[in-house]
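Asks: Dumping the structure here so I can ask a few things about it.
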Amino acid sequence: MDYKVEILRHPTEEDWLRCKTLALNTVGKKAVNQPTKKWKTDLLRCEHSPIRTLMFTIKMEIPYWVSVHYVRHKYGVEHYVQSQRNDRQAKYDRNEARQDEIVSHIMDINAQELMFMARKRLCGQAAKETRTIMMMIVNKVLKTNPEFKEFLVPNCEYLGGLCKEMYPCGWNKAFEKEKKENDKI
């Protein structure tokens, strides 16, 4: 299938400076310099509230049923999904439409929710198509904002190999084995 993902908006240096200003205000300080890559990474790692001011707008052309997986996320994100109503579009009859009809889906999402979403949607228990779309999002985000690299990963990787799913996919077992082998070196 030919899915499309486009980043319409991402945190700029100006957004990061605003984020730093807000973070430092909480400890009675003022931002005088642009945040460093290390500062950005440290702030993302600790997930303090100023990261919720860092916004992405992501446009996707994806199957309707995959769009439903993303719409399940409701905190720190707004979804704008193309209507399938027959009085709003004429491409197909909604009553007869397949669940894999492509819809336009735009998300306006903050950094914290994007990290959370990636943890869930990159999981081996997520549908393959949903993981594919999430990987496309991650790859596009990392081109503009590489500081997110270690945070846009499956939950078990984020948790160092611990899986909290009811029915683990097994990825964490391979991770634990590899970690034990590396610890011996």
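The values are calculated or read from the model by the stated rules, or taken from the named source; none is laboratory data. Just so it is clear, the structure is predicted and the values come from calculations on it, not from any experiment. With ideal geometry, Cβ positions are generated from the backbone for all residues, glycine too; neighbour counts draw on all protein chains shown. We work out accessible area using only protein heavy atoms, side chains counted, and drop any ligands, DNA or RNA first. Shrake-Rupley method; radii C 1.70, N 1.55, O 1.52, S 1.80 Å.
Asks: Kindly state, to the nearest 0.05, the FRET efficiency for R45 paired with N139, given R0 = 30 Å and r defined as their beta-carbon distance.
Replies: Computed FRET efficiency for R45 and N139 comes out at 0.90.
Asks: Which label marks the calculated value of Cα extents along the principal axes in Å, given the options (1) 55, 31, 27; (2) 46, 39, 30; (3) 57, 45, 26?
Replies: (3)
Asks: Further question: Between the DSSP loop rule and a limit of at most 14 other Cβ atoms within 10 Å, which GluC sites (Glu not before Pro) in the stretch 1-69 are left?
Replies: Sparse-neighbourhood loop GluC sites (Glu not before Pro): E47.
Asks: Sticking with this one: Could you pull out the trypsin sites (Lys or Arg not before Pro) across the stretch 98-177 that fall in loop regions by DSSP (anything but H, G, I, E, B) with no more than 16 other Cβ atoms inside 10 Å?
Replies: R98, K164
Asks: Please give the per residue accessible area of the chain, computed with a probe of 1.4 Å over protein heavy atoms only, in Å².
Replies: 61 Å²
Asks: Continuing with the same structure: Sticking with the crude label model, points 7 Å out along Cα→Cβ, report the distance from K180 to Y3 in nm, one decimal please.
Replies: Each label point lies 7 Å from its Cα, and together they span 3.4 nm.
Asks: Using a 1.4 Å probe over the heavy atoms of the protein chains, calculate the carbon and sulfur portion of the accessible area of the chain as a whole percent.
Replies: Carbon plus sulfur share of accessible area: 50 percent.
Asks: If the cut-off is 21 Å between C-alpha atoms, which lysines fall inside it for K40, apart from same-chain ones fewer than 8 positions away?
Replies: Excluding near neighbours in sequence, the set is K20, K29, K30, K140, K143, K149.
Asks: Which one of T53, W39, T12 is farthest out on the positive end of the charge dipole of the chain, using unit charges on Cβ (Lys, Arg +1; Asp, Glu -1) and the Cα centre as origin?
Replies: Comparing the listed Cα positions along the dipole, W39 ranks first.
Asks: I'd like the FRET efficiency for K149 and V68, computed as 1/(1 + (r/R0)^6) with the beta carbon distance as r and R0 of 41 Å, rounded to 0.05.
Replies: Once the sixth-power term is evaluated, E becomes 0.90.
Asks: Could you check which residue among C156, C19, C169 shows the biggest mean-square fluctuation in a GNM of the chain with a 10 Å Cα cutoff?
Replies: C169
Asks: Here is a follow-up. List the longest stretch of the chain that has no exposed loop site; here a site is one of the chymotrypsin sites (Phe, Trp or Tyr not before Pro) assigned by DSSP to anything other than H, G, I, E or B, with at most 12 other Cβ within 10 Å.
Replies: 93-185
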